[in-house]
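Contents: one structure, followed by commentary.
The values are calculated or read from the model by the stated rules, or taken from the named source; none is laboratory data. Keep in mind it's a predicted model, so treat the numbers as computed, not measured. Note that each Cβ is placed from the backbone with ideal geometry, even for glycine, and that neighbours are counted across all protein chains shown. Note: accessible area is taken over every heavy atom of the protein model, side chains too, but ligands, DNA and RNA are not part of it. Shrake-Rupley method; radii C 1.70, N 1.55, O 1.52, S 1.80 Å.
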Amino acid sequence: MSGTLLCIGHGYTAAALSRRLLARGGWRIIGTTRSAEKLSKLKSVKVEPIIWPGSDLADVLGEASHLLVSIPPLDNGDPVLLSESDLLANAAGSLAWAGYLSTTAVYGDHKGGWVDESTSVRPSTRRGKLRVQAEREWRRLHEEVGLPLHVFRLAGIYGPARGPLAQLERGRRTQVVKKGQVFNRVHVEDIARVLDASIAKPRVGSTYNVCDDLPAPSDKVLSYGAKLLGLPSLKSMEIDEASLSAMARSFYSESKRASNQLVKRELCTNLLYPTYMAGFAALLDNAAQDRKVV
């Protein structure tokens, strides 16, 4: 399979999908960035860069066969739809697949209970509420003009240079403890694999949870990472004592276990990294191999 993928917001996850498609061959990747400084970096990995906002997307939307949107919503709505809804409506008929990256935060707090794609959304965080509204706006475009929409609700993303191991390697030595709090994670390469499988086997209008098999408390995950890295035991602190960003605090405010069974039935029978233990081991192995190459 081949085509032209336009990534509106060519960030961490879009880059993983781009690498996968380009390695296979036959794909042209166009990616937007807000920073002129990132243009040369995208070109170096064979992605055609566009500054957006600030550029007209009409031509590239007309050339794209596939679309991935990974830009988060703002208080006043989804920035892509706010400025490009007419262009998207015009291009909808020529797209074979459109993916929107959302979050499992849309489900809200379930006191550690399981959620799947049939679970009602009831977010309690600002981030989750904005995502629910953005999902609705994208679905409206799908219903009105036939945009071939697929919604992917992502768990906490980790991978090279991102996530618990990266935090520990950068010097983190504390862990936050909140009794009864659990959530899922997902390796960025598994996200790319799921997106790739959906492109190959689209089901327009679908929604998928993209997460691992093992939801777990944050402190348990960090302690495991510290042990792998040979670090001393981490200092524990209660949630009320911790100095956290709004994004980090939102993860701790809700507790749920997200099911990935629909993804396994329809797209990927098995994940590359079904648990954080498997993912962390692979990250360390890959880092060791990279050092040998250097």
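Overview of results
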quantity: Cross-link reach list, aspartates and glutamates versus Lys256, counting only Cα pairs under 17 Å and skipping chain neighbours closer than eight places; calculated: Asp109, Asp116, Glu117, Asp212, Asp213, Asp219
quantity: Shape category assigned to the range 211-251 from the gyration tensor of Cα positions, a/c cut at 1.5; calculated: oblate
quantity: Dipole magnitude (debye, nearest 20) for the chain, charges at Cβ of Lys, Arg, Asp, Glu; calculated: 940
quantity: Accessible surface ranking that places the most exposed of Lys38, Lys178 first, with a 1.4 angstrom probe; calculated: Lys38, Lys178
quantity: The range 54-132: trypsin sites (Lys or Arg not before Pro) in DSSP loop, at most 15 other beta carbons within 10 Å; calculated: Lys111
quantity: J(HN,Hα) series, the range 153-159, from Karplus relation 6.51 cos²θ - 1.76 cosθ + 1.60, nearest Hz, glycine and proline x; calculated: 8, 8, 7, x, 8, 9, x
quantity: Listed pairs Lys38/Lys178; Lys41/Lys235; Lys43/Lys264; Lys129/Lys178; Lys129/Lys264 exceeding 32 Å between Cα atoms; calculated: Lys38/Lys178; Lys41/Lys235; Lys43/Lys264
quantity: Distant-in-sequence amide H partners of Glu48 (H built 1.01 Å from N, under 5 Å); calculated: Ile29, Ile30, Gly31
quantity: Of Val106, Val188, Gln133, farthest towards positive along the dipole that unit charges on Lys, Arg, Asp, Glu beta carbons give the chain; calculated: Val188
quantity: In degrees, nearest ten, helix 79-91 long axis to first principal axis of the chain (Cα); calculated: 40
quantity: 10 Å beta-carbon shell around Gln175, net charge (K/R +1, D/E -1); calculated: +3
quantity: Rounded to 10°, Cα long-axis angle of helix 12-24 versus longest principal axis of the chain; calculated: 60
quantity: For the range 154-275, projected area of the alpha-carbon convex hull averaged over all directions, nm²; calculated: 8.1
quantity: Cα-Cα pairs of the range 94-154 separated by more than 14 Å (percent); calculated: 57
quantity: Dipole of the range 24-172 [Lys/Arg +1, Asp/Glu -1 at C-beta], most positive-end residue of Pro148, Val47, Gly163; calculated: Gly163
quantity: Cα Rg, Dmax (largest Cα-Cα span) when computed across the range 18-146, Å; calculated: 16.6, 47
quantity: Highest-fluctuation residue, Ser120, Ser70, Ser94 considered, GNM on the chain with Cα pairs under 10 Å; calculated: Ser120
quantity: Magnitude of the charge dipole, the range 1-140, Cβ model with Lys/Arg +1 and Asp/Glu -1, debye to 20; calculated: 560
quantity: Using alpha-carbon coordinates, inclination of helix 218-228 to the longest axis of the chain, degrees; calculated: 80
quantity: Max mean-square fluctuation residue, GNM over the chain, Cα-Cα springs under 10 Å, options Asp190, Asp240, Asp86; calculated: Asp240
quantity: Debye-sum result for the chain in log10 I(q)/I(0), which assumes one identical scatterer on each alpha carbon, at q = 0.07, 0.09, 0.17 Å⁻¹; calculated: -0.27, -0.45, -1.53
quantity: Highest to lowest packing among 226-239, 11-24, scored as the average C-beta count within 10 Å; calculated: 11-24, 226-239
